[in-house]
Structures are given as structure tokens and as C-alpha cells.
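Accompanying notes for the structure given below.
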Amino acid sequence: MSTNSYEPLASILRPDTLDDYVGQQHLVGQGGTIQKMLEQQACYSMIFWGPPGTGKTSLVQVIAKQLDADVIELSAISAGVKDIRNAIGNPDDKSLFDRQKVVFVDEIHRFNKSQQDAFLPFVESGHIILIGATTENPSFSVNRALLSRMRVFILEKLTQQELQVLLNKALKHTEKTNKQGYTFDAKAEQALLFHSNGDARTLLMSAEICFDMAEPGKKIDIDIVQKATGSKTLAFDKDGDHYYDLLSAFHKSIRGSSVEGGMYWFARLLKSGGDPLVIARRLLAIASEDIGNADPRALQICLNSWDLYHRVGPSEGERALAQAVIYCALAPKSNAVYKAFKAASALASETGHLEVPSHLRNAPSALAKEMGHGANYRYAHNEAHAYAAGESYLPSEISDVTFYEPSERGLEKQLKAKLAFLKSLDDNAN
């Protein structure tokens, strides 16, 4: 065998233990489900669902090593039902199962129903630990009978910090294997991390190309990173001004009712490695700050898009966020709620010393009642229009203040009419 056979950096850096594994701390970190499972040397069949390059295959190999199990890898493209049964063996032959068997199926969603059904007796009897990996929602791509016998774990894109750890491992490895190590300048390193977009495999492949292109003794710069990644590196720095410029452009476009602007900056944020959940939070802020009661449904639509992203993952989830972007852009706009809350907060800070009026105080005891707490309180439900006309719910010193002034747009037009009607009742009562 040739000693010059090539092995990709991603393969060389595959972890042997959970301590070496980068990412998915909610599963493998202290108290994580898989970490606890391996501590107890007990494993069950499962599905890893997540984007490419999130460590699904690496995690399977770590689990197999920790359990000292044999690993059988099957291809969803080439393995038929007969191949599956031949690879696993006869479940009645107990000698075949002296060591645990981990059967790993990458892209399990590509298996048809018959192929998936072939695993059922082996999984149900415990003769194998079946681990499937998929980038598709298993609820739609794995048949119900098999899915009910497996745990589903969601793997997330690696964070920038986790990608940095992985890149440091790659640099350390090259330093050991080459007479001279490599270094990136700050801008190039950030560009490489953000281009990788949470994908460890993409990061290591791009880093490897950078190493091949680098000149001895010189730092790897942005030009090399652009050539290595094969595309123009989008300007993006999560901790710098440009990140907030993108978010600002996104927010202001929707506030300005520009569907095109909202969608463009939304796409720019995603393509540049922005966290979709940061975008979801910003949409909720927009729904409250810039739309408010002109269309209260905007809040619910934004919440639904966030929830959908968590439930079904990026492919469908990003589309749901796009739907919320378009809805918010076209919704009637009002910042009346924002201004009302801001004004109320400022006044509360200035007048926190004012007493609660007696008729609004709680009267839980006879003494409190003797002191006049709750006296002359008018129960609104017993009044015409369920409104105690002329009643004041503020300290006397600020009884004339107005916080909320609805616009003439959307639902607020009706709310403005309601406020005008209530004011007329007050005027007639005084």
C-alpha cells in the first residue's frame, strides 16, 4: 500500500471520544442525553436529524467506540432488503451478537418503506442499535413503525466559537505534520468561519485548500480564503458593525413596508451565516414596535414561524420566517404601542412615589376596609357598556395623562373610534 495515500483533514480529525467531539453540547455535554447514555453503557436506536456537517457520522463512530461495538455502514442508495438482512445476519444466531452491533445508515430518508421495514425485527428485538442520519424531517421521511422505535435527536449548526475550536485543531495538526504551521490574518479567519455557515466539513475542506495554497512564512489572507471557498466571501462580522448594519437594514425595510428590501436583507443575513433565531427575535420586535395593534396578528405569525423553525428545521423553517417577513412588511404600521409604553415607563420612573387611589386598593381584611381601601369602587361589568364612565384609574396628580394614541391604520382605526366613544361617555358623566 502506498504511504502517500491521501486522507482528508475532516477524516483525520474525526474524534475518538466525546471529549474530542466539537458541537452539540446539548446532547454530549455535561448532563446531555447521549453523554448520560454512554456513561451508563446503554444505547438505543436513534435518528440524528440536522444540517450537513454537524457531526452526525462522527457522533456515531464515537458511540460505537465507547460501547466497543461493531459498526455496519449501509448505503441508502445501493443496499436492498436482501443486502440489509445479509449485513446484519440471522437474529436467531446468538453467536453473531457477542458484541453489540451498531448499524449506521446515512441519509436514511432515502430508504424506501420496504428497506426501512427490514430493520424492524432487528430493532425491536434489540439485536442491533440502528442509528440513522438525515437532513430531512424524519416525521415525513421515516415510516411510522420504525420511527416509533427510535429516539430522534436534533443536531444544530456549529456556532462560530465551535468552528473556531475545530479550526484551531486543524492548525495544530498541520503544525505537527509540517515543518512550518499556518496562520490566518484576522479578517481571513472570520471570513472562513462565516463562509462555513455552521458546517464543520465545509470548514475543514476549505481550510485544507487554504493550507495547500498558502506560501511558507506568510499569513493566509482574504484572497486565499475567497479562492479556497470558490465564491465571493460575503462581508459579515457577527461582532462588528456590519452585522448590525444588516439587521438595521432588515428592520428598516420592513418598517418601510418594502417586501423586496425585507426579503433581500433577510437572505443576506442567512447567506452570511446569521442565526435564523436572531432574525426571528427581530421579527417579534418589529411586530410589537412597528405594527402593534394596527395588526395584532403579526405577533402570532412571527411566533408561529419561530415555533415552526424549531419543529421542522431550516429548510421549511426559513421559508416560514420568509412568510413572516412578507406579512410584517405589508401589515399596516403603527408605533403607538411603542410610544405609549415608552411614555408610561418614563412617567412611572418620575412618579413612583404617588399612592394608589383608595378605591383601587385591595381590601383583604376588615382593617383595610375601615381604612377605605376599595371604597366606592365601581365594578365595570355592572355599568352600561361595561364601562364606569367618569371613573379615574390613575393617581389624581396625573389623572389627565394620555399614553396611547392609535393611528388611523388597520385595527387601530377601530381602537381609535372606541377610545373616542369612551371619552364621550366620560364627558357626559362629568
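The values are calculated or read from the model by the stated rules, or taken from the named source; none is laboratory data. On a predicted model such as this, the values are computed, not experimentally measured, just so you know. No Cβ is skipped: glycine too gets one built from the backbone with ideal geometry, and neighbour counts run over all protein chains shown. For accessibility, only protein heavy atoms count, side chains too; no ligands or nucleic acids. Shrake-Rupley method; radii C 1.70, N 1.55, O 1.52, S 1.80 Å.
Okay, here's what the table says:
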read-out: The stretch 343-360 residues that are within 18 Å of Glu391 (Cβ to Cβ), paired with ones that are among the acidic types (Asp, Glu) and at pLDDT 90 or above (beta carbon under 7 Å, 6 or more apart); value: Leu354/Glu397
read-out: Hits in the stretch 245-259 - residues which are small (Gly, Ala, Ser) and part of a helix (DSSP H, G or I); value: Ser248, Ala249, Ser253
read-out: Of residues in the stretch 351-365 being in a loop (DSSP other than H, G, I, E, B) and open to solvent by 40 Å² or more (accessible area, probe 1.4 Å), the one farthest from Pro395 (Cα to Cα); value: Ser365
read-out: Breaking point among (1) under 20 Å from Pro406 (Cβ atoms); (2) crowded, with 17+ Cβ neighbours inside 10 Å; (3) polar (S, T, N, Q), for Asn335; value: (2)
read-out: Index of the failed condition, Gln323 passing every other in (1) among the polar types (S, T, N, Q); (2) outside any loop (DSSP other than H, G, I, E, B); (3) farther than 30 Å from Gly261 by Cβ; value: (3)
read-out: The stretch 395-430, residues that are touching a helix residue (DSSP H, G or I) at 6+ places or on another chain (Cβ under 9 Å), in a helix (DSSP H, G or I) and open to solvent by less than 80 Å² (accessible area, probe 1.4 Å); value: Ile398, Glu412, Leu415, Leu422, Leu425
read-out: Selected residue [in a helix (DSSP H, G or I), open to solvent by less than 50 Å² (accessible area, probe 1.4 Å), farther than 18 Å from Thr54 by Cα and touching a residue at least 40 places away in the same chain (Cβ under 8 Å)] from Ala298, Ala280; value: Ala280
read-out: Residue tally, condition touching a Cys at 6+ places or on another chain (Cβ under 8 Å) and either open to solvent by 50 Å² or more (accessible area, probe 1.4 Å) or not in a helix (DSSP H, G or I) (or both), over the stretch 165-199; value: 2
read-out: Positions within the stretch 8-31 being outside any loop (DSSP other than H, G, I, E, B) and within 15 Å of Lys157 (Cα to Cα), in sequence order; value: Gln25, His26, Leu27, Val28
read-out: Residue count for the stretch 32-46, restricted to those that are open to solvent by 30 Å² or more (accessible area, probe 1.4 Å) and either farther than 22 Å from Ile129 by Cα or among the hydroxyl-bearing types (Ser, Thr, Tyr) (or both); value: 2
read-out: Which numbered condition Ser392 misses (of (1) more than 24 Å from Leu354 (Cα to Cα); (2) surrounded by 13 or more Cβ atoms within 10 Å (Cβ to Cβ); (3) not acidic (Asp, Glu)); value: (1)
